[in-house]
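The values are calculated or read from the model by the stated rules, or taken from the named source; none is laboratory data. Everything quoted here is computed from the prediction, not taken from an experiment. Positions of Cβ are backbone-derived with ideal geometry, glycine not excepted, and every protein chain shown enters the neighbour counts. Please note that ligands, DNA and RNA were not included when accessible areas were found on the heavy atoms of the full protein model with its side chains. Shrake-Rupley method; radii C 1.70, N 1.55, O 1.52, S 1.80 Å.
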Amino acid sequence: MSFGPEDVPSLAARTRLRHDAARDTDVLLYPEGVLVLNGSAGAILAECDGKRNVAEISAILSQHFGGIDVMADVIILLERLETKGLVVK
Amino acid sequence: MQRKEASHPIPVALLAELTYRCPLQCPYCSNPLELAAYRQELETEHWLRVIDEAAALGILHIHFSGGEPTLRADLPVLVDAARKAGLYSNLITSATLFNRKKALALREAGLDSVQISFQADEPVLANHIAGTQAHAKKLEAAALTKELGWPLTVNVVVHRLNIDRFPEIIEFAHSLGAERLELAHTQYYGWALRNRAALLPSEEQLRRADAAVEDARARLGNTLQILHVIPDYYEKYPKPCMNGWGSTHLTVAPTGVVLPCPAAAAIKTLKFDNVRDHSLGWIWRDSPGFNAYRGESWMQSPCATCPRRTIDFGGCRCQAFLVTGDAAATDPVCHLSPQHNLIETWRGQANAPARVEPDPFEPRVATVRRQPAPVGDSGSR
Ligand code: SF4
Ligand code: SF4
């Protein structure tokens with residue numbers, strides 16, 4: 001299972017993405033646990049709205065990071081979460 | 001896990017034990033033996049405060065449990081408060097009272113996920129273990145959970161009487177449409193400790209169960225996540241209980257007593273504080289009960305100098321107390337514990353070739369009906 005530029009990822013229905021003030025970081029909550037998201041992971045997942053594809057998400061993120069190409073990082077994150085059943089396409 | 005201040009970890013999960021009343025009588029119930037001491041339940045307003053204080057402490061998950069949490073009529077109000085506070089909420093239910101009306105109210109309130117306990121895959125054994133005709137109602141509740149779009153976890157507490165049905169139980173959970181199956185072996189606290197001889201499986205049973213899980217994982221892949229927690233009596237080392245005392249978890253018992261571990265009320269040498277008297281934050285950070293076994297300074301030999309103490313924290317304090325009488329002792333499950341021979345003896349009994357099956361077990365005594373519960377009905381029985 002791998003993501004290409006045209007794939008449209010979305011967070012699994014059972015997840016909830018939010019900011020956590022106590023830890024000052026984004027977290028992804030799901031029934032059996034939590035992922036503490038560091039760096040850009042929270043920002044990437046926030047763009048996974050079930051409408052944008054990987055290329056579009058990467059372009060948005062790229063703007064946050066001064067134009068560098070982040071598609072490879074986006075794909076690594078999505079694939080990692082897909083194996084946990086937290087992201088679907 | 002990240003720490004805001006070096007001395008105080010940020011808790012992750014709150015187990016809200018709303019009531020110990022329950023229509024079932026499982027012989028492995030982890031509720032305390034002295035159920036009658038827990039009739040003075042917290043009022044709704046206390047729980048609302050606990051939920052807000054929990055969120056402020058950094059807690060992310062709230063598990064509504066019991067006993068049977070749906071016996072509390074204020075459950076939807078509490079779920080709603082949890083949702084507003086940003087907590088991810090999970091209902092842990094025996095599900096015999098989970099009808100459409102209750103389910104719709106909980107969905108409206110924003111409940112995130114549902115975990116239903118089953119005693120077995122088939123009604124005769126399941127009802128025998130539950131001590132009541134529960135199985136058919138649970139099936140309806142599971143279907144309702146799926147229909148209303150919740151993620152469903154099926155939880156089966158495993159013991160000598162149902163462990164031989166692993167292949168059937170796994171198929172059963174799969175057919176219910178569960179995303180997750182927890183096959184959690186009985187932990188020997190509360191009623192389970194009393195019924196240990198009847199419940200502890202043999203090594204051969206355990207081996208077959210493990211093989212069935214491996215087989216199912218290979219067949220079912222991602223469609224059903226299977227969590228298999230084996231009984232620690234058969235492990236060489238203890239479990240890293242609660243990830244360390246007072247490090248990630250809080251339990252609030254029905255009366256408002258706050259515990260570092262759901263079983264900790266059994267430790268009679270410690271005093272635990274109550275949310276009626278103190279804030280959750282003070283209890284977490286400063287109460288003597290929560291600080292008793294934080295860090296390593298309380299450890300005795302052999303834990304104090306053992307290289308594994310940062311991995312398993314010396315095991316479970318409650319088990320240490322219940323088996324050795326000293327909550328600061330090495331968990332007797334550890335093969336390095338001076339009292340490990342006790343565990344070996346019990347294991348030997350579970351594996352004795354001449355054992356007569358099945359051992360009788362003592363059902364959890366049904367809850368007393370005339371109680372001054374602030375809210376809720378007293379169940380269906
Ligand atoms: S009797 Fe059974 S269903 Fe009820 S609280 Fe105990 S374990 Fe859970
Ligand atoms: S001696 Fe203590 S720290 Fe070492 S493995 Fe056993 S329980 Fe863990």
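When the residues of segment B:331-352 are filtered to those that are touching a Pro at 6+ places or on another chain (Cβ under 7 Å), in a loop (DSSP other than H, G, I, E, B) and free of Cβ contacts under 8 Å to residues at least 40 places away in the same chain, which remaining residue is most open to solvent (accessible area, probe 1.4 Å)? Top of the filtered list is B:Leu336.
Yes/no per residue for (1) β-branched (Val, Ile, Thr); (2) not in a helix (DSSP H, G or I):
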| site | (1), (2) |
| --- | --- |
| B:Leu139 | no, no |
| B:Trp150 | no, yes |
| B:Asp164 | no, no |
| B:Ile169 | yes, no |
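Which residues, taken from segment A:28-58, are without any contact (Cβ under 8 Å) to a residue 12 or more places away in the chain and not in a loop (DSSP other than H, G, I, E, B)? Across segment A:28-58, the qualifying residues are A:Gly33, A:Val34, A:Glu56.
Within segment B:209-238, residues that are under 20 Å from A:Pro31 (Cα atoms) reach partners that are open to solvent by 20 Å² or more (accessible area, probe 1.4 Å) and within 16 Å of ligand 1 (Cβ to nearest atom) with beta carbons closer than 7 Å, at six or more positions or on different chains, in the pairs B:Leu227/B:Glu182; B:Val229/B:Ala184. Among all residues of segment B:56-74, there is none that is open to solvent by 10 Å² or more (accessible area, probe 1.4 Å), within 18 Å of B:Val157 (Cα to Cα) and out of contact with any strand residue (DSSP E or B) (no Cβ under 9 Å at 6 or more places or on another chain). In this structure, is A:Thr83 surrounded by fewer than 20 Cβ atoms within 10 Å (Cβ to Cβ), under 28 Å from B:Ile226 (Cβ atoms), hydroxyl-bearing (Ser, Thr, Tyr) and over 11 Å from the mean Cα position of the chain (by Cα)? Judged against the criteria, A:Thr83 is a match.
When B:Ala142, B:Ala134 are screened for being open to solvent by less than 20 Å² (accessible area, probe 1.4 Å), farther than 21 Å from B:Leu224 by Cβ and within 16 Å of ligand 1 (Cβ to nearest atom), only B:Ala134 passes.
Let's see how each residue does on (1) under 20 Å from A:Val34 (Cβ atoms); (2) buried (at least 16 other Cβ atoms within 10 Å of the Cβ); (3) touching a Phe, Trp or Tyr at 6+ places or on another chain (Cβ under 6 Å):
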{"residue": "B:Gly246", "(1), (2), (3)": "yes, yes, yes"}
{"residue": "B:Val257", "(1), (2), (3)": "no, yes, yes"}
{"residue": "B:Pro260", "(1), (2), (3)": "yes, yes, yes"}
{"residue": "B:Ala263", "(1), (2), (3)": "no, yes, yes"}
{"residue": "B:Lys268", "(1), (2), (3)": "no, no, no"}
{"residue": "B:Lys271", "(1), (2), (3)": "no, no, no"}
{"residue": "B:Trp282", "(1), (2), (3)": "no, no, no"}
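Taking each residue of segment B:175-201 that is more than 19 Å from B:Asp164 (Cα to Cα) and looking for partners that are part of a helix (DSSP H, G or I) and more than 14 Å from ligand 1 (Cβ to nearest atom) with beta-carbon atoms closer than 7 Å, six or more apart or interchain, yields B:Leu176/B:Ala142; B:Gly177/B:Lys146; B:Tyr188/B:Arg196; B:Tyr189/B:Ala266; B:Tyr189/B:Cys318; B:Tyr189/B:Leu322; B:Leu193/B:Leu322.
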